[in-house]
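The values are calculated or read from the model by the stated rules, or taken from the named source; none is laboratory data. Everything numeric here is computed off the predicted structure, so don't read it as measured data. Backbone-built Cβ (ideal geometry, glycine too); neighbour counts: all protein chains shown. When the accessible area is computed, the model is the full protein with side chains, heavy atoms only, and any ligands, DNA or RNA have been set aside. Shrake-Rupley method; radii C 1.70, N 1.55, O 1.52, S 1.80 Å.
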Amino acid sequence: GAKTVIDGFNIGGFGIMLEQSSPTLSQNIVFGAPNGISMAFGAAPIVNDSQISGASAGVLVSGPVQIVKVGPNRIEAKPTINRSIISGGNVGLLENTGDGTLPTLVVNASTFSGSGGSAMNLYGNAQFTDCIVERNGSAVAPAILVGNAGDPGRTIVFERCKIRDNKGTGL
């Protein structure tokens with residue numbers, strides 16, 4: 001739940017799988033097969049100051065969106081990643097288009113580096129601020145792929161981000 005904190009662990013093997021939960025993950029080193037962190041069924045963790053990698057994807061985000069009650073209002077629970085380093089064997093960050101409407105992902109001051117394919121495959125709503133995307137890809141994979149099979153009306157925002165030194169194309 002929202003009061004759960006996982007802080008300062010080195011987690012390997014299967015990585016972390018979150019379903020309908022919103023813990024805080026801080027200062028962890030996470031490696032998983034297939035994914036470092038999998039978020040599904042409304043999971044909306046806060047990930048701070050961590051290193052995340054996976055044999056397939058560093059971070060996998062699936063739907064559906066979770067709506068929570070805050071005071072008199074109902075708002076979307078948003079997975080948030082702050083000041084972290086993310087990479088994957090195939091892709092650093094993958095949004096899974098097959099599991100319903102994707103939650104809005106918020107990423108701040110994080111680095112996507114060292115993925116063998118794309119740094120990100122984006123299909124839903126996402127907001128990136130002060131991020132670095134570098135040293136990812138192959139000659140045929142873009143650093144950031146914005147897919148066309150995602151949520152209708154989606155919004156993807158990059159503010160003050162640097163996309164540099166990737167193989168293939170940038171965006």
Discussion item. For segment 81-99, which positions are within 9 Å of SER62 (Cα to Cα) and modelled with pLDDT of 90 or more?
Written reply: LEU94, GLU95
Item to complete: Give the residue, chosen from PRO79, PRO103, PRO142, that is out of contact with any Lys or Arg (no Cβ under 8 Å at 6 or more places or on another chain) and farther than 20 Å from GLN51 by Cα.
Response: PRO142
Worksheet item: Right, ASP7: farther than 14 Å from THR80 by Cα and either modelled with pLDDT of 95 or more or open to solvent by less than 40 Å² (accessible area, probe 1.4 Å) (or both) or not?
Response: yes
Discussion item. Give all pairs with beta carbons closer than 8 Å in which a residue from segment 64-76 that is over 19 Å from GLY98 (Cα atoms) meets a residue that is open to solvent by less than 50 Å² (accessible area, probe 1.4 Å) and not in a strand (DSSP E or B); count only pairs at least 6 apart in sequence or on separate chains.
Written reply: GLU76/VAL65; GLU76/PRO103; GLU76/THR104
Worksheet item: Is it true that PHE158 is closer than 19 Å to GLY32 by Cβ and either more than 16 Å from the chain's Cα centre (by Cα) or among the aromatic types (Phe, Trp, Tyr) (or both)?
Response: no
Fill in: Residue ID - surrounded by the most Cβ atoms within 10 Å (Cβ to Cβ), chosen from residues in segment 134-159 that are modelled with pLDDT of 85 or more and within 23 Å of ALA44 (Cα to Cα)
ILE144
Practice prompt. Tell me which residues, restricted to segment 14-32, are open to solvent by less than 50 Å² (accessible area, probe 1.4 Å) and either at pLDDT 95 or above or of a type outside the set (Ser, Thr, Tyr) (or both).
Written response: GLY15, ILE16, LEU18, PRO23, THR24, LEU25, SER26, ASN28, VAL30, GLY32
Discussion item. The conditions are (1) outside any loop (DSSP other than H, G, I, E, B); (2) more than 20 Å from GLY114 (Cβ to Cβ); (3) hydrophobic (A, V, I, L, M, F, W, C), and VAL30 fails exactly one of them. Which is it?
Written reply: (2)
Worksheet item: Restricting attention to segment 52-76, which residues are hydroxyl-bearing (Ser, Thr, Tyr) and either over 17 Å from VAL107 (Cα atoms) or not in a strand (DSSP E or B) (or both)?
Response: SER56, SER62
Discussion item. Here's a check for you: in segment 119-131, which residue that is crowded, with 18+ Cβ neighbours inside 10 Å and free of Cβ contacts under 8 Å to residues at least 40 places away in the same chain is farthest from ASN148 (Cα to Cα)?
Written reply: CYS131
Worksheet item: From the list GLY89, GLY63, GLY100, GLY114, which residue is more than 20 Å from PHE31 (Cβ to Cβ) and open to solvent by 20 Å² or more (accessible area, probe 1.4 Å)?
Response: GLY100
